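Participant: The following block contains the structure, expressed as structure tokens.
The values are calculated or read from the model by the stated rules, or taken from the named source; none is laboratory data. A quick note: this is a predicted structure, and the numbers were derived from the prediction, not measured. Note that each Cβ is placed from the backbone with ideal geometry, even for glycine, and that neighbours are counted across all protein chains shown. The area values use the complete protein model at the heavy-atom level, side chains included, leaving out ligands, DNA and RNA. Shrake-Rupley method; radii C 1.70, N 1.55, O 1.52, S 1.80 Å.
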Amino acid sequence: MSIVPRKISRHPNAATPTYWFDGKGFESLFFNAVSSTFPEGERFFVLSVRNFAEQIQDEGLKIDVARFMRQEGQHSREHDAHMRILDTQGFGMLRQVSRFDRLLMRWTAKFLPRYALAVTTAVEHVTALAAVALLENEAKYLDPMHEDYRLMWHWHAVEEIEHKAVTFDVFEEAVGSYTLRFIAALYVAVIFPLILFIRHLFLLAKEGLLFDVAGWRRGMSFLLGREGFLTKIAVGYSRFFRRNFNPANTDDSRYVVEFEERYGMHFSHLPAA
Ligand SMILES: [Fe+2]
Ligand SMILES: [Fe+2]
């Protein structure tokens, strides 16, 4: 699958409602929590890969890495802009939490580069699974989004699918340790849900929704029910522990083709580097 960095033309703005997911607090705040992890998280992915850029021999992979960095840089910028809107809506606490995560991630990338790359590879598998979960049931996840947000999430999901194999390929070429991949996968399986949960709780508390029983009941089914968003990710994530796992073995390219056909008017292609 070729990797095509894009720039979108529609963004969330100050006039976009706070409860932008079908007017529902729990779900809107959950996706705000997810969005708030992207700016620092994706800068960490780029740092982790850059540590090994010089060791990559494969010419095709070098090009993919440059395009991956371009895509993630653009994603960080969009979600940074979303963070600024969240600031104006009174959710500035997300920045405080991100500051701590940033320190931890910068330290890991600097002093444990092989582990940082393994963690990045595991999280990239999560983002690719989340992308497919969103796109395979648009009626449930994308249609309820306010139109100012829908393009951002759809575009980000498509580009995560496009570059889902890049960090894995870099890891296999530069590090190639199954044990390290396994340990990193366990770490991500614990830390990532925890980070999301804490952020989501902060946001619910700020909105006075911490004890909204109806919201929790609906939200738990939305996230952790049989067809729940997190349930789907958890099921797919288990594949990452297999020794012969390779993200390229699953073909999700139809989602990219559909996006290009439907939203061609709403984005432009960027130069790769
Ligand atoms: Fe991304
Ligand atoms: Fe990514």
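Participant: Efficiency by 1/(1 + (r/R0)^6): what FRET value for R243 and A81, r their Cβ-Cβ distance, R0 = 41 Å, to the nearest 0.05? Please report the intermediate quantities before stating the final value.
Facilitator: Values: r = 40 Å, r/R0 = 0.99.
Efficiency at R0 = 41 Å is approximately 0.50.
Participant: Compute the distance in nm between two label points, each set 7 Å from the Cα along the Cα-to-Cβ direction, one at K206 and one at T250.
Facilitator: So the two model labels end up 3.2 nm from each other.
Participant: Could I ask something else about it? Can you list the trypsin sites (Lys or Arg not before Pro) in the stretch 176-246 that are in a DSSP coil and have 12 or fewer other beta carbons within 10 angstrom?
Facilitator: Numbers: sites: R181, R199, K206, R217, R218, R226, K232, R239, R242, R243; in loops: R226, R242, R243.
Listed in order of number, the matching sites are R226, R242, R243.
Participant: Please calculate how many Å² of accessible area the chain carries per residue, with a 1.4 Å probe and no DNA, RNA or ligand atoms counted. Walk me through the intermediate numbers first.
Facilitator: On the way: 12590 Å² over 273 residues.
Each residue of the chain exposes 46 Å² on average to a 1.4 Å probe.
Participant: Still on this structure, I have one more. Could you work out the relative contact order of the chain, using alpha carbon pairs under 8 angstrom and six or more residues apart, expressed as a whole percent?
Facilitator: After rounding, I find 34 percent.
Participant: Which Cα, out of P271, A214, Q71, lies furthest along the positive dipole direction of the chain (beta carbon charges, K/R +1, D/E -1)?
Facilitator: My answer, from the dipole projection, is A214.
Participant: Report the FRET efficiency, 1/(1 + (r/R0)^6), for E258 and F111, where r is their Cβ-Cβ distance and R0 is 45 Å, rounded to 0.05.
Facilitator: 0.60
Participant: Then there's this: Could you check how much of the accessible area of the chain is carbon and sulfur, as a whole percent, using a 1.4 Å probe?
Facilitator: Numbers: 7350 of 12590 Å².
Result for the chain: 58 percent of the exposed heavy-atom area is carbon or sulfur.
Participant: About the Cα centre of the stretch 164-273, how large is the charge dipole given +1 on each Lys and Arg Cβ and -1 on each Asp and Glu Cβ? Please answer in debye to the nearest 20.
Facilitator: Values: 13 positive and 11 negative charges, 104 e Å.
For the stretch 164-273, the charge dipole is close to 500 debye.
Participant: Tell me, what is the 1.4 Å probe accessible area of E72, in Å² to the nearest 10?
Facilitator: Roll a 1.4 Å probe over it and E72 shows about 0 Å².
Participant: Working from Cα positions, state the angle (0 to 90°, nearest 10) between the long axis of helix 253-263 and the longest principal axis of the chain.
Facilitator: So the helix axis and the longest Cα principal axis differ by about 50 degrees.
Participant: So, one more: Dipole of the chain, Cα-centred, from +1 at each Lys and Arg C-beta and -1 at each Asp and Glu C-beta, to the nearest 20 debye? Spell out each step's value before the answer.
Facilitator: Values: 32 positive and 33 negative charges, 167 e Å.
The calculation lands at about 800 debye.
Participant: Tabulate in residue order the Karplus-calculated ³J(HN,Hα) for the stretch 61-66, using 6.51 cos²θ - 1.76 cosθ + 1.60 with θ = phi - 60°, rounded to whole Hz; enter x for Gly and Pro.
Facilitator: Karplus-based 3J(HN,Hα) across the stretch 61-66 equals 5, 4, 5, 4, 5, 4 Hz.
Participant: How many nm is it between the label spots at W216 and D143, if each spot is 7 Å from the Cα in line with the beta carbon?
Facilitator: 3.0 nm
Participant: Give the calculated FRET efficiency between R50 and T18 to the nearest 0.05, with a Förster radius of 35 Å applied to their Cβ-Cβ distance.
Facilitator: Calculated value: 0.45.
Participant: According to a simple spin-label model (label point 7 Å from Cα along Cα-to-Cβ), what is the distance in nm between L270 and Y187?
Facilitator: Result: 2.8 nm between the two label points.
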